[in-house]
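The values are calculated or read from the model by the stated rules, or taken from the named source; none is laboratory data. Since this is a predicted model, take the numbers as computed values, not measurements. Here Cβ is always computed from backbone atoms with ideal geometry, including for glycine, and neighbour counts include all displayed protein chains. Ligands, DNA and RNA are excluded from the accessible area calculation, which covers all protein heavy atoms including side chains. Shrake-Rupley method; radii C 1.70, N 1.55, O 1.52, S 1.80 Å.
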Amino acid sequence: MLLGDKNVKEYSYDSLIKNFSFVFQRTYLFSDTIANNIRFGKPNAAIEEVMEAAKKARCHDFIMALPEGYDTMIGEGGASISGGERQRITIARAIMKDSPIIILDEATANVDPENEVQLTEAIEELTKNKTIIMIAHRLKTVRHADQILVLDGGKIVQQGKHEELMKQEGIYRSLVSEREKAIHWKVG
């Protein structure tokens, strides 16, 4: 596998990991200021860079509404803010790092409805001109992907675009069909 023009095996761990940013379903924030949590992606960033990343991640407004803005201390894990707000701070951190490869691991799975639109916009900003590896169970999340890999028992059993997979017998089409049936269920 190549990264740029170089085999990934030729990279040291540290130089390889610099090419990746991660946004996980369960975000982790440090017991520190919001600014420093965002700066984790680029430790020497000026506050203007931090604010620009936060604006792109759609979290600047809620940060500015906090008593101490970017200097607000957040507890271990970010317990003092909502899940969607934590997720957007994590996205701001990834925007700050500006890696060519983004791994999204169920990044929208547990978001509250109030934050879903802003989180989706933040992810779109993060992933512009990047290679994205998206791990998702929500089918609407992957519908527009260039390449969908369907795993079963840890093995790839199908791959292609949404339209191609819908033409094939298999897990993907079954999942989409079951989802569509479920949408029409009514409690009587």
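Straight-distance candidates among the lysines for linking to LYS9, with alpha-carbon spacing under 19 Å and chain neighbours fewer than 8 residues away dropped: LYS18. Across ALA79, ALA122, ALA65, mean-square fluctuation computed from a Gaussian network of the chain (C-alpha pairs under 10 Å connected) peaks at ALA65.
Cβ-Cβ distance of LEU2 and ARG143, R₀ of 30 Å, FRET efficiency by 1/(1 + (r/R0)^6): the value works out to about 0.60.
Under the 0.36 nm per residue contour assumption, what length would be gained going from the current alpha-carbon distance of ARG26 and ILE132 to full extension?
36.3 nm
For TYR172, the solvent-accessible surface computed with a 1.4 Å probe is close to 10 Å², ligands and nucleic acids excluded.
Only protein heavy atoms count here; on that basis, with a 1.4 Å probe, GLU52 has an accessible area of about 90 Å². If a/c stays under 1.5 just call it rounded; otherwise compare a/b with b/c (prolate if a/b is bigger, oblate if not). Do that for the chain, with a ≥ b ≥ c from the square roots of the Cα gyration tensor eigenvalues. In terms of gyration-tensor shape, oblate.
With a Förster radius of 25 Å applied to the C-beta separation of LYS9 and GLU163, the computed FRET efficiency comes to 0.10.
Quick one: ranking ASP5, ASP32, ASP98 by accessible area, 1.4 Å probe, largest first, what do you get? List each step's numbers first, then the result.
Working: ASP5 160, ASP32 50, ASP98 100 Å².
Highest to lowest solvent-accessible surface, that is ASP5, ASP98, ASP32.
Residues considered: TYR13, TYR70, TYR28. Largest GNM mean-square fluctuation over the chain, using C-alpha springs under 10 Å, is found at TYR13.
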